[in-house]
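Below is one structure; the comments refer to it alone.
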Amino acid sequence: MDGNTLSGRIPDFIGNWTIINALRISDLAGSSSMRFPNLQDMTRMQRLTLRNCLLTGPIPDYIGQMRSMKNL
C-alpha cells in the first residue's frame, strides 16, 4: 500500500494477516507518530517495507528472529 491517500495509524489487525510474505506500506498522511505495529505472528514474512509511516521507538526484537525475513 503505497502512493495512496491513506492517513492515520497502521491498524492493529494487520498482524492477523499471518499468511502473507510481503508487506509494503509507505507515505501515510497524518501529524502524529505511532508505535511499531505488532507483526510478531507474521512468521512467513520475507519482505517488510515501512517507509514514511511516522513510526517511533525501536524495531522490536522479534523482527530479528523472523527466519523467513530477507528484506527489511
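Computed per residue of the chain from DSSP H runs no shorter than four, each worth -39500 (n - 2.57), the mean residue ellipticity at 222 nm is -1000 deg cm²/dmol.
Placing unit charges on the Cβ atoms only, positive for Lys and Arg and negative for Asp and Glu, gives the chain a dipole magnitude near 200 debye about its Cα centre.
Normalised size of the chain, defined as Cα radius of gyration per 2.2 N^0.38 Å with N residues, equals 1.06.
None of the figures in this text is laboratory data; all of them are computed from the coordinates on show. Keep in mind that this is a model prediction, so the values were computed, not measured. Here Cβ is always computed from backbone atoms with ideal geometry, including for glycine, and neighbour counts include all displayed protein chains.
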